[in-house]
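As structure tokens, the structure follows; a few thoughts come after it.
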Amino acid sequence: MRTPTTDRGRVLLVLALAAVVTVFTATVPLLRDWFDLRVYYGTVHTWLHRGGRIYDYHVPGTTYGFTYPPFAAVSMAPMGYLGLGTAIIAALVLNLAALGVVLRILAGPGWRRYGWFGWALVACGLALFEPLRDTFSFGQVNLLLLALVLGDGWLLSTGRGRWAGVGIGLAAAIKLTPALFIALLLLARRWKAAAVATAVALAATGLAALVVPDASKFYWTDALWDTTRVGRLDYVSNQSLQGVLARLGETGRPLWATVVVLVLAVWAVRVRRAIVLGDWIAAFALTGLTACLISPITWVHHLVWLLPSFAVLVRAGHPRIAGALYAVMCTSVVWLWFDDSSGIDGFLGSNTYTWITLGLLLWLPTGQTGGSRLILSRIAATTAPAPSTAAATITAVSAQPGPSSGTTAAATGTAEGPDLGLARNASSEPTGSTRPAAAKPQSSSSRASSYTVKPPPA
């Protein structure tokens, strides 16, 4: 399919796609009523204005409360001086800004060449991506954390390494999953950045301990180890390896721990190869995939960490594979097994997003840049990629040219990642709502929830 060649045709196409996206968003994906934001809002208001304890708060009518480290609550303190409506608007603005940062980093220095038409197609495609839909409608923070982590990659790539590690450290203090990126810095022998990230994470955690000592003690000695506070392990929205095991009836920790060790071993081998090849965007993508797999609970909205992987696939010359996988993750397919995930079909279907994540970890291309030049040349010829599939929208964001000359790289002694552009020298180295919640507060439908439908056992 050829894209329109006139501005009028492009405007009409974008309007048509926007209408389709609007209809799809209003029907297939079900809204989450800002549930997670209301958890944050209520926790902060109860703590600041009513003298309540952070981990004692629950959204009225539910058993759901705050589950992040204490520093997350401290960093959300300004929310305590806003109305709920204002807090929702602020969350939307922050998530949109974070998405803009992520796209700018993944698109690379040639982002302007895609023009308004290319970016409009990207916006339509991203609006269909289930993890992003959930992130916005829950009022979640994972997109902000992704922007912080990728921001460190940008700092390293532009010679501003003095501050590299700050974003990863803050992300790890807000939520534990991004701490795996500190291990990435260690594998890459970026000792200073790893030290900065560790110091920032510890300093932020220490600050929280000073501000809310009781909550800090409770979290690190009790709440951290109690996954029932977050939700049922076997719930279909849990697309981690622990979720797969739980849906098979295996909830013991020894087997899960063994699987985690194996996955970490695969990650270390693959990410080290990507680093040696100077392919930093692949290294960051592989780390995000692994963090989702090894976390005890990875709700669907956590899978925004897969976005860099689609950029890697397109850059490596596999836009059709990227488009197919992306399209699957737009369908909410796992919810077909909401009521019953037994049998072969349940095992395969209810874990669809986990299989995609695992497959990407095992087979994501590293060190390949030729495909990006081919895609870029096509984009330059047509102004924007064909909009008929999700692959087209991802292509517009992610395709980047590889190094212009291997001779240049050899002469300077550097290897450059083609998307994040991280230069590597050869010698070195981010709801006190009082209104009653619905019986299933995360959705207007019984199928759509990222937590438990039944309250977890006491």
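Taken together, the values in this text are just the output of simple stated rules run on the coordinates, not laboratory data. All figures in this text were calculated on a predicted structure; none of them were measured in a lab. Glycine also receives a Cβ, built like all others from the backbone with ideal geometry; neighbour counts cover every protein chain displayed.
Annotations
- Modelled FRET efficiency - R0 30 Å, Trp225 with Asp340, Cβ distances, 0.05 increments: 0.50
- Taking Lys and Arg as +1 and Asp and Glu as -1, the other residues whose beta-carbon sits under 14 Å from that of Val266 total +3.
- Near-label residues of region 314-351 by backbone N, under 18 Å of a point 7 Å along Cα→Cβ of Leu255: 341-351
- Percent of alpha-carbon pairs separated by more than 22 Å within region 279-353: 30 percent
- Cα shape, region 75-188, gyration tensor, a/c 1.5 rule: oblate
- Sum of side-chain charges, Val304 neighbourhood, beta-carbon under 11 Å (Lys, Arg +1; Asp, Glu -1): -1
- Annotation for region 167-201 versus region 321-346: alpha-carbon center distance of 33 Å.
- Put a dot 7 Å past the Cα of Arg320, heading toward its Cβ, do the same for Ala90, and the two dots end up 4.9 nm apart.
- Three-way shape label, region 116-245, alpha-carbon gyration tensor, a/c 1.5: oblate
- Contour minus Cα-Cα distance for Asp56 and Val11 (0.36 nm per residue): 11.1 nm
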